[in-house]
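The structure appears right after this line, and notes come after that.
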Amino acid sequence: MTTTDQRVNPRTGPGPGQDRAGLLGGLALGAVMLVVALVVALTGGSAGSGVDARTVLTAGGTQSVAVSLAGMRITPSVIEVTRGTRLVLKVTNADAMRHDLVLATGQHTALLTGGQSATVTVGVVNAAIAGWCSVPGHKAAGMTLRIVVAGNGNAANMGSVAHGATSGESEPVIDFHASPGPGWKAYDPALQPAPGATQHRLTMTVRDTVVEVAPGVRQKLWTFNGTAPGPTLHGKVGDVFIITFVNDASMGHGVDFHAGSLSPDLPMRTIEPGKSLTYQFVANYSGAWLYHCSTMPMALHIANGMYGAVIIDPPDLPAVAHEFVVVQSELYLGPQNGTADEAKIAAEKPDAVLFNGYVNQYDHAPIRVRVGQRVRVWVVDAGPQRATAFHVVGAQFDTVFKEGAYLLKAGNAEHGASQVLDLAPAQGGFVEFVLPQAGHYPFTDHAMVDGARGAHGIFQAF
């Protein structure tokens, strides 16, 4: 395994200094973790714990408090002051990721990298004040601060204030019966043949990309190579994949390929905008594997478009006439042109469930197959939270491969057939079938509510 961490030259990409840069990146990460430990020791808190670390200031006048940002926590998470106290916060980011501190009263730090500090002059405190990290997902993950006035009895209800801020922007509404506009193109579901070479090299770049996810509905997704799902990787058992992961987005991201087995410490770490790393893995086992962003909170990063599939063929897999990939995911709408709604994700209330990133897209662009020819459909459930029950209306599966094993295989008719491929989030597999006559064969998530809200398409047999 080779890892790197360096500034990217937009013209030349990663260069020969990658190995040394990766080592330095690892050492820097260790140093930051040491800082976190020291901060925890000094403040009496626990980085990453759920403890409500509290600082109580009994004296008035001007008071200064050291605040650390680390482990998806702000420490102390509660500062209790006497009414009329003039408060100053000395804020330090003791984490490997970038953070900031924003107060509901308007004061804020800049976005701080690991080891950077800033001073926030809160001013005279006469009422409760909420604070949080504004990096997407960090507030929902627990990076909040409560400044409360002693004796006001408001410490207990400040959590709802800290988590309740909204942008005030209007949220789009999905019309599940609407058609895409002119110029719209469906995500190509065809699985491209595996390259003949046993070593696969690919650059995957994360970008903030405004994407239409339903007719007239746009979201700013965090995408791998501009699409959600990202590109499908295809290989055979024993192949080596060398991925150059480039962060060209506005915040930190990482990547996790389930198709490989390796220590996650360095290759799956979060890298900041303008940096890259090399992620190398060997596909030791066949399967339909998920890859996704490894940055916390992962549910937000996956829901906002950072997912894709790796297909590793089982040995001696026979060729078929038609081979497709369907990745199911969930959509939690934020404002038009905005990012996913964190509260909806936490409540597990998706606005839509999607095949390959667009509501009902294969109703608008049916997948054409020939009557009597064998069809193989690989399915991966990206989640982040809901299972799938993949079903083709009018078809029966004579071959089912799920999570590395055949449940059914063509030619063994005495064992019966299957009607659904059931997958939990992050699971994958494939089914095979033959459509007996011309017509339209819907495919759907047989969890009917999810099928009705976007996880639906059509195979058109001719």
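Below are the figures for this structure:
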| item | result |
| --- | --- |
| Filter result (farther than 17 Å from Lys90 by Cβ and surrounded by 12 or more Cβ atoms within 10 Å (Cβ to Cβ)) within segment 114-128 | Val124, Asn126, Ala128 |
| Residues located in segment 339-366, provided they are in contact with a Ser or Thr (Cβ under 8 Å, 6 or more places away or on another chain) and either outside any strand (DSSP E or B) or modelled with pLDDT under 95 (or both) | Gly357, His364 |
| Residue satisfying all of: in segment 342-358; of a type outside the set (A, V, I, L, M) and touching a residue at least 24 places away in the same chain (Cβ under 8 Å); surrounded by the fewest Cβ atoms within 10 Å (Cβ to Cβ) among these | Glu348 |
| Of residues in segment 254-273 being closer than 24 Å to Gly428 by Cα and not in a loop (DSSP other than H, G, I, E, B), the one nearest to the chain's Cα centre (by Cα) | Asp256 |
| Complete set of residues in segment 260-271 that are closer than 22 Å to Asn304 by Cβ and free of Cβ contacts under 8 Å to residues at least 60 places away in the same chain | Pro264, Met268 |
| Given (1) touching a residue at least 60 places away in the same chain (Cβ under 8 Å); (2) over 31 Å from the mean Cα position of the chain (by Cα), number of the condition Val380 does not satisfy | (2) |
| Count of segment 353-382 residues which are out of contact with any Phe, Trp or Tyr (no Cβ under 8 Å at 6 or more places or on another chain) and under 16 Å from Gln328 (Cα atoms) | 4 |
| Boolean, Phe390 is hydrophobic (A, V, I, L, M, F, W, C), buried (at least 23 other Cβ atoms within 10 Å of the Cβ) and touching a Ser or Thr at 6+ places or on another chain (Cβ under 9 Å) | yes |
| Any hit, segment 186-207, residues being in a loop (DSSP other than H, G, I, E, B), touching a Pro at 6+ places or on another chain (Cβ under 9 Å) and not assigned by TED's automatic domain parsing to the domain that holds Asn304 | yes |
| Selection from segment 273-289 of residues that are surrounded by fewer than 24 Cβ atoms within 10 Å (Cβ to Cβ) and closer than 30 Å to Asp351 by Cα | Pro273, Trp289 |
| Some residue of segment 446-461 being surrounded by fewer than 18 Cβ atoms within 10 Å (Cβ to Cβ), out of contact with any His (no Cβ under 8 Å at 6 or more places or on another chain), part of a strand (DSSP E or B) and at pLDDT 95 or above | no |
| Residues being in contact (Cβ under 8 Å) with a residue 60 or more places away in the chain and surrounded by 20 or more Cβ atoms within 10 Å (Cβ to Cβ) - total across segment 81-101 | 6 |
| Among residues of segment 294-338, those that are without any contact (Cβ under 8 Å) to a residue 60 or more places away in the chain and in a loop (DSSP other than H, G, I, E, B), counted | 7 |
| Test: Tyr291 is in a strand (DSSP E or B), among the aromatic types (Phe, Trp, Tyr), closer than 20 Å to Phe355 by Cα and under 18 Å from the mean Cα position of the chain (by Cα) | yes |
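For (1) crowded, with 18+ Cβ neighbours inside 10 Å; (2) of a type in the set (A, V, I, L, M); (3) under 19 Å from Leu233 (Cβ atoms), each residue gets a yes or a no:
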| site | (1), (2), (3) |
| --- | --- |
| Tyr291 | yes, no, yes |
| Ser294 | yes, no, yes |
| Met306 | yes, yes, yes |
| Pro314 | no, no, yes |
| Leu331 | yes, yes, no |
| Ala340 | yes, yes, no |
| Asn360 | yes, no, no |
| Arg368 | no, no, no |
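The values are calculated or read from the model by the stated rules, or taken from the named source; none is laboratory data. Keep in mind the model is a prediction, meaning the values are calculated, not measured. Because the Cβ atoms are built from the backbone with ideal geometry, glycine has one as well, and the counts that use them run over all protein chains shown.
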